[in-house]
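FYI, it's all coordinate maths here, none of it is from the lab. For clarity, every value in this text was computed on a predicted model and none was experimentally measured. Cβ sites come from the backbone with ideal geometry, for glycine too, and all protein chains shown count toward neighbours.
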Amino acid sequence: MRNYIIKRLLLTLPVLLGVSLLVFFFIHMIPGDPVEVMLGESAAPTDREALRKQYHLDEPLQVQLVYFFKELGTGKLESIFYHQPALQKVRERLMATLELALAGLAVAVVIAIPLGILAAWRRDTWLDHSAMGFSLLGISIPNFWLGPMLILVFSLKLGLLPVSGKGGISHLVLPAITLGTALAALLSRMTRASLLEVLGEDFLTAARARGLSERMVILKHAFKNALIPVITVLGLQFGALLSGAIITETIFAWPGIGRLLIDSIYTRDFPLVQACVLAIALSYVLVNLVTDLFYALVDPRVRYEEGS
Amino acid sequence: MRNFRIIFGATVAVLVIAVAVFAPYIAPHDPDEQNLCEGLSLPRSGHLLGQDKLGRDQLSRLVYGARVSVIVGLSTVFISATIGIFVGALAGFFRGVMDQVLMRIVDILMAFPGILLAIALTAVLGPSLRNIILALSILGWIGYSRLVRGQVLVEREKEYVQAAMALGAKSGRIIWRHLLINTSGPVIVQATFGIALAILAEASLSFLGLGAPGIPSWGAMLNEGTSFLFTAPFLSIFPGLAIMVTVLGFNFLGDGLRRLLSPKEDVSRI
């Protein structure tokens, strides 16, 4: 297991380097003069010069790269708009995004697991077809439409829940449903498929032969074994939830990192864009790493196959 | 059930493409024609889906919006599939160092969340249809390359390929004439799902204000509509429905095709 962890950590290093390089080159991909884009055409020449110096844009590319990693490491990358370290701003917002992503995950699990079990249990019946049709619908509903529709019904028409912002649990309900629905759809299909694969195994035939009811066979024996791939997908999708929260946060004015990213794009605050992209990508990579390690922990076949 | 999926999906796909192609003949009004006095008017005869804040006919804008979705969906899939098939075929056929290098690049890119890269790239390059397609294609090819590599690795060991090699056929000919033809089924399925994903991604970017300016697009219409959610909810409902039905159609088509082309996977795969 130790070798597997070391190997997996080493494999993460080039990914982190690749992500950081990509983020570094963002500013250089801006067509034209990035300083003019950030400050606008009417900016005074002295301001332009100051910004060019601040971001070392007057230096050769390799020197800029060294400065970039140095400032990143010391946390000195500064937001143009907020005039404070970009990483500090990102840290403040990351917790709100994490809270939302966890709530979305909870919604997905609560909907998907029973739906998947039901579909596998009643395979090829109208119940199965309806559950899977519903899940295909869930994958196809854009969350930037689901969110406003939920606001329309539950906030504006029924007045049950707040429209936007961050406060108590009530503020979390609609964003969590918006974020979690697509994952619920995917997870229910995964649960069904995973259960169907396990249901044909000999140990379940043996359980049935011992006189256990089908309900006990599924809930007590099959489900536990079907859970491993489901948990893996859950972990991998949690990373996707973190990046997918960008849209949900924009709809519900949730003060998370996604909203900060979009706001910094509008204000052309590219150092903050860099910091946000880096933070989201790093969280994504780390969550995937933890999921992989967890998978290897619960299923020894993974570390043996990877090791060989 | 399988036929229903394919029939429903194919009908939606053909309809959306037909609407996009024949938009000037179908749209009842000029999509950019403003009539400020009639801004936010409810659906009625003459303007079946109502008018937006500038008094533009929403039905006509929806019809023209299909063009953006179709162009982005098809172009992104075409570019992504072309690159992905090329890379996957090279990695799978030649194996060894080439496979290792290409697949490590794929691993690194896979670690990057797709929508985030698309948002960041569109923000940096500037919002335009070309840049959206570029941003979506940059990560879009990865799935195809992994799929084709896997298929080619299996196929290249089969007797008909070994026979072609023994007869002295060149690598390019074997890949093009034998391997790719025999791996086309899963690629077609993936491409169908890919169109749905690209349409959704474009609509997401447009919703966030990063879409192509000056062209009616469903995501941008939905974005504008959310500002009038209470007074004119129809401005949000119809563009969202258009996106959902289109994406659902392509997803159904992909699902039906997968079951048709890979019957063995019918039960076990999601």
Net charge dipole size for the range A:175-308 [Lys, Arg +1 and Asp, Glu -1 on Cβ; Debye, nearest 20]: 440
DSSP H segments from chain A that extend 15 Å or more along their own axis, Cα-based, with Kyte-Doolittle mean of 1.0 or above: A:2-29, A:86-121, A:169-199, A:223-251, A:270-298
Inter-label distance, nm, simple model (7 Å from Cα along the C-beta direction), A:ALA209/B:ALA166: 4.6
Positive-end residue, the protein assembly as shown charge dipole about Cα centroid, Cβ charges, pick of B:PHE22, A:PRO229, B:PHE238: A:PRO229
Nearest-20 debye value, chain B charge dipole, Cβ charges on Lys, Arg, Asp, Glu: 940
Furthest towards positive pole of dipole, A:LEU150, A:MET29, A:ILE117, structure part the range A:1-155, Cβ charges: A:ILE117
Exposure rule at most 16 other beta-carbon atoms within 10 Å, DSSP loop GluC sites (Glu not before Pro): chain B longest free segment: B:34-156
Cα-centre dipole for chain A with unit charges at Cβ (Lys and Arg positive, Asp and Glu negative), debye to 20: 1080
At most 16 other Cβ within 10 Å, DSSP loop - trypsin sites (Lys or Arg not before Pro), the range A:80-130: A:ARG122, A:ARG123
Pairs of Lys in the range A:65-204 closer than 28 Å at Cα, counting only those 8 or more apart or on different chains: 4
Candidate lysines for bridging to B:LYS158, where Cα separation is under 22 Å - those fewer than 8 sequence places away on the same chain excluded: B:LYS170, B:LYS264
Prolate/oblate/rounded label for chain A (Cα gyration tensor, a/c 1.5): oblate
Dimensions (Å) - chain B, Cα atoms, principal axes, largest first: 76, 43, 33
Packing-based exposure ordering (other Cβ within 10 Å, fewest first) of A:LEU17, B:LEU180, B:LEU253: A:LEU17, B:LEU180, B:LEU253
Ratio of the Cα radius of gyration of the range A:108-237 to 2.2 N^0.38 Å, where N counts its residues: 1.27
Convex hull volume of the range B:76-192 per residue (C-alpha atoms, cubic angstrom): 102
Kirkwood Rh and Cα Rg combined as Rg over Rh, evaluated for the range B:187-234: 1.14
Among B:PHE193, B:PHE238, B:PHE228: highest mean-square fluctuation, GNM of chain B, C-alpha pairs under 10 Å: B:PHE228
Estimated distance in nm for a label pair at B:ALA18 and B:MET110, the labels positioned 7 Å out from Cα along Cα-to-Cβ: 4.0
Debye intensity ratio in log₁₀ form over the Cα atoms of the range B:132-247, taken at each q of 0.18, 0.21, 0.22 Å⁻¹: -0.90, -1.08, -1.13
A:GLU201, A:GLU99 arranged by Cβ crowding within 10 Å, fewest neighbours leading: A:GLU201, A:GLU99
Charge context of B:ALA198, other residues only, Cβ under 15 angstrom, K/R +1, D/E -1: +1
Cβ-defined net charge surrounding A:ALA120, 12 Å radius [Lys, Arg +1; Asp, Glu -1]: 0
Contour minus Cα-Cα distance for A:SER164 and A:LYS53 (0.36 nm per residue): 35.9 nm
Mean Cα-pair separation over length for the range A:122-242, i.e. relative contact order, pairs under 8 Å, 6 or more apart, %: 25
Helix B:96-110 vs. chain B, principal-axis angle (Cα, 0 to 90°, nearest 10): 20
Estimated inter-spin distance, A:ASP33 and A:LEU9, nm [label 7 Å along Cα→Cβ]: 4.7
Residue with peak Gaussian network fluctuation, chain A [Cα springs, cutoff 10 Å], from A:SER130, A:SER20, A:SER194: A:SER130
Per residue Cα convex hull volume in Å³ - calculated over the protein assembly as shown: 193
Cβ-based exposure ranking for B:MET98, B:MET103, in which fewest neighbours within 10 Å come first: B:MET98, B:MET103
Among B:VAL87, B:LEU49, B:MET110 the positive-end extreme of the charge dipole of the range B:48-135 (Cβ point charges): B:LEU49
Residue with peak Gaussian network fluctuation, chain A [Cα springs, cutoff 10 Å], from A:VAL23, A:VAL290, A:VAL107: A:VAL290
